[in-house]
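Heads up, the thing below is written out as structure tokens.
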Amino acid sequence: MRTLNSEDVRHFSKGANFLACHIDPAAVFAYEEMIVQALPTGDVRLINIDELDPNDLVVALGFVTQGLAIADMPPVGDEFVRCIQAIEQRLGRKVSALYSLAAGNINGILPLMTGLQTGLPIVDSDPMGRVLPLISQTTLTLGGVRISPIAVTGVTGEHSTLDVEDPQRAETLVRSLVIELGGWAATAMYPCTGQQLAEHGIHGTMTRMIKIGEILGAEEPVESKYVQLMRLLNATRVARARVKHMESFSRDKALGLPTQTTSLTLVAEQTGQIIRLEIGNEILLVLVDGAVAAAVPDIITLLSADLGQVVNLDDVRVGQLIDIFLTPAAPIWYTEAGLNLAGPPAFGLQLQHPRCHA
Amino acid sequence: MPSPSKAIRLDVAGVVAHGALSTVTMLYAASTNAVIDGVVIVSDLETIKRVPPNTVVVLSTHVGSGGWQVSAALRHAWERRASAVIIAQSTYAESVISLAERLDINLMAAEQDPSIIALALAAEIGAVKSLAEVDLAQFARAVTKETTVTTILKTISIRLGGFRLTLEHDGIVLAAAGPAADGGPTVQLELPSAANWGQLKLSASGPKTTELNALDVRTYLEVAVPSIQSVWMAGEINDSAASAPTLALTDVSDCLQVDAQLADKARPNLLAKLGWHSEHSYQAVWIAHPAHQQHSMGRTAILRLLWRKVAARRPLAEVRGGWLSLIPVDESEDPGQLPSRIGEKVSSSLAELGFSVGTSMRQSGVNNLPALAQQARVAADYGIRIAPGTVTSFGDLGMGAVTAYMDDAAISLVAGLTLPALMAAPDREQIIRDTLAFLEHQNSMTLAAKALNIHRNTLQQRINRIRDVGIILDEPEQILPLHLILTVLKRTLQGSTTEQKDPHNGTIHLT
């Protein structure tokens with residue numbers, strides 16, 4: 001077990017942003033500030049999966065948004081506590097620990113706050129190993145772990161508990177409910193045993209975010225940071241390129257993939273290669289001279305070439321020099337079942353993933 | 001025969017200028033004018049990975065609506081060496097054009113439905129392919145009508161618009177047609193050959209200005225190959241038949257040699273039936289091959305094809321030890337004309353094969369035809385032993401020719417027995433050379449030294465060395481055998497040195 005201090009939380013926040021540079025980080029930074037402010041009132045305890053009893057009840061926490069940015073209407077603060085109570089009430093037993101629905105962005109960091117509020121430890125594991133847009137896109141789904149009961153608390157405090165078997169059906173119901181609840185909702189889902197999470201979760205992902213933040217926050221040359229990141233994440237730099245062109249398309253999207261597609265065109269400094277980023281809910285695809293260099297579930301991060309800091313998509317400007325990093329996702333995402341659930345076709349891209357050699 | 005300058009394939013520039021693509025907007029024109037063999041409408045990217053080269057890839061409106069898909073399509077099309085990519089007018093962006101420029105692939109936008117463009121282009125391609133098929137069929141008929149390899153090559157050359165055509169065997173040009181090549185494209189085709197025929201190659205070298213590409217030329221060559229083979233085989237059969245009188249002559253030669261007049265009385269019409277005429281003059285040609293060469297049918301066929309350059313109507317008869325032809329000659333013709341013609345037409349090719357040619361004296365009438373054959377054979381054998389690859393006239397042989405018929409191995413054995421010190425001497429080559437010079441200049445020290453380009457005193461010292469190794473120069477009865485033995489030894493030593501080539505630089509080390 002590790003008790004996090006304010007430095008850890010700030011590093012955690014940076015790491016959460018690195019792994020999901022496609023999302024506006026305002027809410028992450030807001031949560032970071034809240035947690036740091038609240039640290040004197042309690043402990044944020046991070047535990048390894050093997051510190052849990054196999055029968056302990058654990059539950060995933062995460063926001064589901066549908067049109068409303070969390071930073072635009074911040075939560076009151078008791079939403080996730082209510083969700084945990086609802087799960088405990090439905091299952092008739094106490095929750096022993098919390099875990100993040102995703103290892104990145106807001107859903108990566110928010111359980112720290114809830115842990116502070118409830119005194120429950122946070123498991124150093126998650127069911128995505130990155131951020132994926134759909135609540136059904138988890139390794140627990142791949143492992144056959146039930147997603148429900150799902151506790152939902154909306155913007156105005158309205159709450160509900162859903163029982164649904166099929167994760168895809170749960171996706172539809174939850175998103176419909178979120179729209180009615182005001183645009184975002186706090187949720188608790190995938191209640192399972194410590195053993196189930198041990199078997200089907202991805203581990204060490206919270207610590208990884210802290211380590212990423214430590215590297216990014218260090219007073220070191222950019223190239224030194226890159227070397228450490230590549231070593232830590234088995235990452236590669238696809239290119240150092242200058243942004244040349246941005247464009248947006250209106251195309252039909254399936255339910256749950258609400259954002260419009262945007263394309264970013266860059267030109268590599270050294271080689272002149274034309275690099276195209278296809279962006280939906282996240283950076284879905286990287287083409288280098290038209291050839292697929294990376295595709296979801298690969299994690300793509302944009303870093304400023306001069307500072308080595310994360311560049312969020314909203315901040316990308318024409319003429320900016322950017323390093324494009326590719327971090328492989330957890331190996332299970334590159335299996336046939338993993339790619340079916342979270343590979344390019346799941347995002348409407350009819351192409352074969354470059355890591356798939358079938 | 002259609003015009004040779006007309007290309008048989010569509011190309012992008014032509015179709016954009018005045019064909020099915022005249023209505024498209026050229027977003028990027030590649031630096032080279034691509035040819036078009038086909039068109040495909042693509043509704044998913046995977047399809048592009050399977051298109052053959054020189055295909056125009058038309059993206060359906062659905063595929064073309066995604067920017068990344070156009071980029072990926074361009075990449076796949078470039079990898080497949082497609083001729084062009086056509087997308088819907090409304091979808092292209094600057095980045096896509098930049099990628100087309102980087103990959104140097106034609107990119108076009110269609111205002112109307114791209115599939116309509118594709119259908120129009122398919123119709124145009126079909127029409128051109130039909131014309132091409134008709135053209136090829138006409139070409140095939142034309143070459144089929146030809147009766148010699150050379151005329152077939154001429155027909156191909158004309159159809160290709162001035163290509164140089166050659167039929168080669170191991171680098172030897174057996175037949176050729178067309179103007180000299182001037183640096184245009186060259187296409188080579190290996191001919192399927194029967195056993196022992198060796199590797200045959202049909203080669204076409206075009207003018208720089210040709211519109212035809214390598215694939216076009218190869219297509220024509222492939223169409224012509226069966227005709228070349230059949231004409232050659234037919235010619236071989238004809239030559240075999242036409243050489244029958246010469247073969248028959250060798251069979252009856254014994255009888256003719258005994259008493260030609262008697263033989264003529266016994267078989268009054270035999271020679272006339274075989275095509276020989278008593279009022280003609282004849283000259284025999286014998287082509288000899290090195291004794292170690294294995295016999296093969298292919299060798300005779302190749303030689304006969306070469307021989308047509310010299311005397312197409314008098315084919316070579318394959319006889320023991322070589323090939324023989326008896327050629328009627330005009331009495332007014334210079335006797336040296338036939339060897340000159342042979343030298344001019346085929347001697348370099350025969351030298352490549354290691355063959356030598358001998359020609360006989362000219363004689364009137366048919367009585368001594370076997371003798372003529374013998375003269376030509378002697379001259380050819382002399383060439384094989386003394387100067388491989390040359391044309392030798394029997395009339396030019398001197399008495400020295402007799403050394404060509406000595407048994408080198410036997411004489412070497414005698415030399416080992418009678419001159420052991422010489423055979424063991426490390427400087428035997430120089431001793432032999434000096435001794436021969438001395439003998440050939442009638443024992444004149446002065447003339448021999450001059451011939452050897454050394455001082456007389458030096459030669460005097462060498463003569464002492466000659467005597468040291470047991471060579472006796474003072475007994476007249478031994479001079480002739482000594483001369484013969486040394487002549488053979490010199491030849492043998494020269495033969496052995498020429499075969500010892502340095503494998504690293506091809507130079508020759510004298511031993």
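The values are calculated or read from the model by the stated rules, or taken from the named source; none is laboratory data. These numbers were taken from a predicted model, which means no experiment stands behind them. So basically every Cβ, Gly included, is an ideal-geometry build from the backbone, and we count neighbours across all protein chains shown. Just so you know, the surface numbers come from the protein's heavy atoms only, side chains and all, with ligands and any DNA or RNA stripped out. Shrake-Rupley method; radii C 1.70, N 1.55, O 1.52, S 1.80 Å.
Summed over segment A:78-119, residues that are open to solvent by 30 Å² or more (accessible area, probe 1.4 Å) and part of a loop (DSSP other than H, G, I, E, B) total 6. Taken over segment B:430-443, the criterion of being under 24 Å from residue B:399 (Cα atoms) and open to solvent by 30 Å² or more (accessible area, probe 1.4 Å) is satisfied by B:433, B:440, B:441, B:442, B:443. In the set (1) over 16 Å from residue B:221 (Cα atoms); (2) modelled with pLDDT under 90; (3) open to solvent by 10 Å² or more (accessible area, probe 1.4 Å), the condition left unmet by residue B:95 is number (3).
Condition check ((1) over 30 Å from residue B:39 (Cβ atoms); (2) touching a Ser or Thr at 6+ places or on another chain (Cβ under 7 Å)) across all residues:
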| position | (1), (2) |
| --- | --- |
| B:129 | no, no |
| B:149 | yes, no |
| B:175 | yes, yes |
| B:189 | no, no |
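Of A:348, A:290, all but one fail to be touching a strand residue (DSSP E or B) at 6+ places or on another chain (Cβ under 9 Å), within 14 Å of another protein chain (Cβ to nearest Cβ) and either among the aromatic types (Phe, Trp, Tyr) or open to solvent by less than 20 Å² (accessible area, probe 1.4 Å) (or both); the exception is A:290.
The conditions of being assigned to a strand (DSSP E or B), open to solvent by 40 Å² or more (accessible area, probe 1.4 Å) and within 14 Å of another protein chain (Cβ to nearest Cβ) are not met by residue A:318. Against the conditions (1) open to solvent by 20 Å² or more (accessible area, probe 1.4 Å); (2) touching a residue at least 12 places away in the same chain (Cβ under 8 Å); (3) not hydroxyl-bearing (Ser, Thr, Tyr), residue B:454 satisfies every one except (2). Out of curiosity, is residue A:132 among the aliphatic types (A, V, I, L, M) and either free of Cβ contacts under 8 Å to residues at least 24 places away in the same chain or closer than 16 Å to residue A:195 by Cα (or both)? Judged against the criteria, residue A:132 is not a match. Output yes when any residue across segment B:151-166 is touching a helix residue (DSSP H, G or I) at 6+ places or on another chain (Cβ under 9 Å), open to solvent by 10 Å² or more (accessible area, probe 1.4 Å), assigned to a helix (DSSP H, G or I) and within 12 Å of another protein chain (Cβ to nearest Cβ), and no when none is. Looking through segment B:151-166, none of the residues is touching a helix residue (DSSP H, G or I) at 6+ places or on another chain (Cβ under 9 Å), open to solvent by 10 Å² or more (accessible area, probe 1.4 Å), assigned to a helix (DSSP H, G or I) and within 12 Å of another protein chain (Cβ to nearest Cβ). Which of the residues spanning segment B:167-187 are free of Cβ contacts under 8 Å to residues at least 40 places away in the same chain and either surrounded by 15 or more Cβ atoms within 10 Å (Cβ to Cβ) or among the charged types (D, E, K, R) (or both)? If the condition is that a residue be free of Cβ contacts under 8 Å to residues at least 40 places away in the same chain and either surrounded by 15 or more Cβ atoms within 10 Å (Cβ to Cβ) or among the charged types (D, E, K, R) (or both), then B:168, B:176, B:177, B:178, B:181, B:182, B:184, B:185, B:187 are the ones that fit.
Listed here are the residues, each with its yes/no results for (1) touching a His at 6+ places or on another chain (Cβ under 7 Å); (2) in a helix (DSSP H, G or I); (3) assigned by TED's automatic domain parsing to the domain that holds residue B:290.
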| site | (1), (2), (3) |
| --- | --- |
| B:381 | no, yes, yes |
| B:384 | no, yes, yes |
| B:395 | no, yes, yes |
| B:415 | no, yes, no |
| B:422 | no, yes, no |
| B:433 | no, yes, no |
| B:437 | no, yes, no |
| B:443 | no, no, no |
| B:457 | no, yes, no |
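When segment B:92-143 is filtered for residues that are within 14 Å of chain A (Cβ to nearest Cβ) and assigned to a helix (DSSP H, G or I), the ones remaining, listed by number, are B:94, B:95, B:96, B:97, B:98, B:99, B:100, B:101, B:102, B:103.
Among the numbered criteria (1) open to solvent by 60 Å² or more (accessible area, probe 1.4 Å); (2) at pLDDT 90 or above; (3) more than 14 Å from chain B (Cβ to nearest Cβ); (4) farther than 28 Å from residue A:341 by Cα, which one does residue A:305 miss? For residue A:305, the exception is condition (1). Kindly provide the set of residues from segment A:157-190 that are of a type in the set (Gly, Ala, Ser), crowded, with 19+ Cβ neighbours inside 10 Å and farther than 12 Å from residue A:136 by Cα, ordered by number. Passing the criteria: A:185, A:186, A:188. Scanning segment B:67-87 for residues that are away from every other protein chain (no Cβ under 12 Å) and open to solvent by less than 10 Å² (accessible area, probe 1.4 Å) turns up B:83, B:84, B:86, B:87. Can you confirm whether residue B:335 is over 30 Å from residue B:230 (Cβ atoms), open to solvent by 40 Å² or more (accessible area, probe 1.4 Å) and in a loop (DSSP other than H, G, I, E, B)? Spelling it out, residue B:335 is indeed over 30 Å from residue B:230 (Cβ atoms), open to solvent by 40 Å² or more (accessible area, probe 1.4 Å) and in a loop (DSSP other than H, G, I, E, B). Note on segment A:27-68: residues that are aliphatic (A, V, I, L, M), touching a Phe, Trp or Tyr at 6+ places or on another chain (Cβ under 8 Å) and open to solvent by 20 Å² or more (accessible area, probe 1.4 Å) amount to 1.
For (1) modelled with pLDDT of 80 or more; (2) out of contact with any strand residue (DSSP E or B) (no Cβ under 6 Å at 6 or more places or on another chain); (3) open to solvent by 10 Å² or more (accessible area, probe 1.4 Å), each residue gets a yes or a no:
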position	(1), (2), (3)
B:295	no, yes, yes
B:314	yes, no, yes
B:344	yes, yes, yes
B:387	no, yes, yes
B:391	yes, no, yes
B:396	yes, yes, yes
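Residues in segment A:4-16 that are in contact with a Leu (Cβ under 9 Å, 6 or more places away or on another chain) and open to solvent by less than 70 Å² (accessible area, probe 1.4 Å): A:4, A:6, A:8, A:9, A:11, A:12, A:15.
Being modelled with pLDDT under 80, of a type outside the set (Phe, Trp, Tyr) and surrounded by 15 or more Cβ atoms within 10 Å (Cβ to Cβ) is a property that does not hold for residue B:219. Note on segment A:120-156: residues that are in contact with an Asp or Glu (Cβ under 9 Å, 6 or more places away or on another chain), farther than 22 Å from residue A:205 by Cβ and open to solvent by 30 Å² or more (accessible area, probe 1.4 Å) total 0.
Within the bounds of segment A:321-329, is there any residue that is among the aromatic types (Phe, Trp, Tyr) and open to solvent by 20 Å² or more (accessible area, probe 1.4 Å)? Looking through segment A:321-329, none of the residues is among the aromatic types (Phe, Trp, Tyr) and open to solvent by 20 Å² or more (accessible area, probe 1.4 Å).
Annotation: of all residues in segment B:43-59 being farther than 15 Å from residue B:15 by Cα and part of a loop (DSSP other than H, G, I, E, B), the one that is least open to solvent (accessible area, probe 1.4 Å) is B:51. In summary, residue B:203 fulfils each of the numbered conditions (1) touching a helix residue (DSSP H, G or I) at 6+ places or on another chain (Cβ under 8 Å); (2) assigned to a strand (DSSP E or B); (3) open to solvent by less than 40 Å² (accessible area, probe 1.4 Å) with the single exception of condition (1).
Among the residues of segment A:274-287, the ones that are within 16 Å of residue A:342 (Cβ to Cβ) and either facing another protein chain (nearest Cβ under 9 Å) or in a loop (DSSP other than H, G, I, E, B) (or both) come to 6 in all.
Applying the condition of being open to solvent by less than 70 Å² (accessible area, probe 1.4 Å) and of a type in the set (D, E, K, R) to segment B:476-511 and asking which residue is modelled with the highest pLDDT yields B:491.
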